[in-house]
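Student: Structure provided below as structure tokens; questions to follow.
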Amino acid sequence: MKITIANDKKQVEVIKAMASRNKEVANKAQEAVAAYVTPAINEALLNAPTLSNFWTTQRFNEDDTPTIPIDLYTDTDDDLITVWESSKSAGLATNRLVPSNDELTVQTMQIETAYSFDRKHAAKSRLDVIGKSLAFLGNQILKKQEKKSAELILQALASGSTNGKQHVMRSNTAGEFKLADYNRLMTLLKRIHTAKDGGTPMDDMGGTGITDLLISPEISEQIRNVAFNPQNTRGTKTDIAAPDQIRNAAFNSAGVPNFFGVNLWEFREMGVGSKWNTLFDVIAGATTFPGVWGTTGSSASAFAATEELIIGIDRSRDSLWRPALTSSTDMEGVDYGPIFSIYPDDQFVARQNTIGWWGGLEEGRVIIDDRAIVGLIV
């Protein structure tokens with residue numbers, strides 16, 4: 001996130017006023033700057049290409065309690081379903097059983113951050129310092145949201161099991177991601193999601209399959225490798241390349257985040273030894289995941305630190321929810337106020353020569369149907 005404050009006379013005067021020894025003048029100037037940048041930061045938080053924004057935002061007011069009618073968003077025949085949620089900013093994701101015909105009340109949490117800088121930067125109209133300090137607030141919120149989102153998805157993925165199938169399987173060949181693995185992952189998602197009678201779900205409930213793949217830079221490289229590496233996994237001849245059209249599409253995906261209609265999201269946090277990979281290793285613990293289908297057998301083993309995880313998500317289903325407290329609505333209840341708010345930090349005394357802001361939001365994270373998430377161990 002980057003914030004640039006326009007260098008015009010009015011803006012400069014407001015910035016300088018923040019350094020006033022008159023507390024009332026300084027506070028009003030800070031409030032004016034906060035009001036100016038808050039819409040931009042909210043826009044960035046809601047539209048940033050991050051894992052956090054894979055969730056459907058449900059806004060609620062201060063006097064409301066966020067709820068989700070479970071039966072409208074799931075098609076399971078079970079009396080009880082497992083819901084994953086995160087209700088504390090520093091706590092672990094938890095799961096609980098709720099009646100499938102219940103109105104789920106979502107627990108929310110406060111996510112806050114603060115930043116301060118020397119008063120002299122405001123007195124000298126250092127617009128770059130002011131802009132970066134405000135951007136810091138937004139980036140810290142994004143990082144905290146990203147952490148909670150990843151933790152919740154990895155918890156649900158490691159424990160997921162439907163119709164006798166775990167939601168995670170292994171690639172055909174250790175350390176390699178091929179077209180056959182991508183194809184099998186699509187099949188796994190269809191097999192774990194069925195209608196109440198075990199058959200084909202209705203169109204409005206069944207989703208469209210995997211819409212997004214979360215991958216590491218190394219897996220991005222292997223997708224590009226489809227352009228010149230063999231792809232066959234059956235028979236004794238192992239040097240058969242993919243058709244030209246597929247190879248061209250794979251290599252062109254180096255610059256276009258889309259492969260066979262599936263959005264590719266490359267995260268530095270994924271890959272061997274990286275943050276989310278290590279977190280999944282800890283969460284999965286001794287849980288064993290099946291091997292490949294077919295001639296190589298189906299023995300199960302625990303996730304190893306030398307392996308990496310690919311995550312597939314079906315965003316066409318409303319399974320990932322994010323209730324968020326909004327500050328206000330208009331008279332018709334249409335124009336919602338900001339989710340993230342910034343305020344002058346009043347903890348500093350005059351002799352500290354320090355100016356600061358603090359900001360935060362209140363939100364919850366809940367997964368009401370873990371069948372929308374699948375994983376491939378490579």
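The values are calculated or read from the model by the stated rules, or taken from the named source; none is laboratory data. Just so it is clear, the model here is predicted, and its values are computed rather than measured. Because the Cβ atoms are built from the backbone with ideal geometry, glycine has one as well, and the counts that use them run over all protein chains shown.
Student: Among 143, 147, 165, which is the only one that is in the same structural domain as residue 213 (by TED's automatic domain parsing) and either surrounded by fewer than 22 Cβ atoms within 10 Å (Cβ to Cβ) or in contact with a helix residue (DSSP H, G or I) (Cβ under 8 Å, 6 or more places away or on another chain) (or both)?
Tutor: Step by step, each of 143, 147, 165 is checked, and only 165 is in the same structural domain as residue 213 (by TED's automatic domain parsing) and either surrounded by fewer than 22 Cβ atoms within 10 Å (Cβ to Cβ) or in contact with a helix residue (DSSP H, G or I) (Cβ under 8 Å, 6 or more places away or on another chain) (or both).
Student: Moving on. Can you name the residue in segment 211-221 that is touching a residue at least 60 places away in the same chain (Cβ under 8 Å) and not acidic (Asp, Glu) and is also surrounded by the fewest Cβ atoms within 10 Å (Cβ to Cβ) among such residues?
Tutor: Out of the qualifying residues, it is 211.
Student: Which residues, taken from segment 77-118, are at pLDDT below 75 and surrounded by 18 or more Cβ atoms within 10 Å (Cβ to Cβ)?
Tutor: Those that are at pLDDT below 75 and surrounded by 18 or more Cβ atoms within 10 Å (Cβ to Cβ): none in segment 77-118.
Student: Ok, one more. Is it the case that some residue within segment 105-115 is free of Cβ contacts under 8 Å to residues at least 24 places away in the same chain and small (Gly, Ala, Ser)?
Tutor: Looking through segment 105-115, none of the residues is free of Cβ contacts under 8 Å to residues at least 24 places away in the same chain and small (Gly, Ala, Ser).
Student: Please find, among 187, 162, 194, the residue that is without any contact (Cβ under 8 Å) to a residue 12 or more places away in the chain and over 30 Å from residue 361 (Cα atoms).
Tutor: None of the other options fit; the residue is 187.
Student: Run residue 121 past the list (1) of a type outside the set (Ser, Thr, Tyr); (2) at pLDDT 90 or above; (3) under 24 Å from the mean Cα position of the chain (by Cα) and report the number of the one that doesn't hold.
Tutor: All conditions pass for residue 121, except number (3).
Student: List the number of the failed condition for residue 43; all other conditions in (1) free of Cβ contacts under 8 Å to residues at least 60 places away in the same chain; (2) under 31 Å from the mean Cα position of the chain (by Cα); (3) surrounded by 16 or more Cβ atoms within 10 Å (Cβ to Cβ) hold.
Tutor: (3) is the only condition that residue 43 fails.
Student: If residue 282 passes every condition in (1) modelled with pLDDT of 85 or more; (2) farther than 30 Å from residue 31 by Cβ; (3) crowded, with 20+ Cβ neighbours inside 10 Å but one, which one does it miss?
Tutor: In the conditions (1) modelled with pLDDT of 85 or more; (2) farther than 30 Å from residue 31 by Cβ; (3) crowded, with 20+ Cβ neighbours inside 10 Å, residue 282 misses (3) alone.
Student: Working only within segment 1-37, note down all residues that are within 19 Å of residue 135 (Cβ to Cβ), among the aliphatic types (A, V, I, L, M) and either free of Cβ contacts under 8 Å to residues at least 12 places away in the same chain or not in a helix (DSSP H, G or I) (or both).
Tutor: Across segment 1-37, the qualifying residues are 1, 3, 5, 6, 18, 35.
Student: With 124, 88, 132 as the choices, which residue is within 16 Å of residue 3 (Cα to Cα) and not acidic (Asp, Glu)?
Tutor: 132
Student: Still on this structure, please answer the following. For segment 157-169, which residues satisfy the criterion of being closer than 19 Å to residue 271 by Cα and out of contact with any Leu (no Cβ under 7 Å at 6 or more places or on another chain)?
Tutor: Answer for segment 157-169, where residues must be closer than 19 Å to residue 271 by Cα and out of contact with any Leu (no Cβ under 7 Å at 6 or more places or on another chain): 157, 158.
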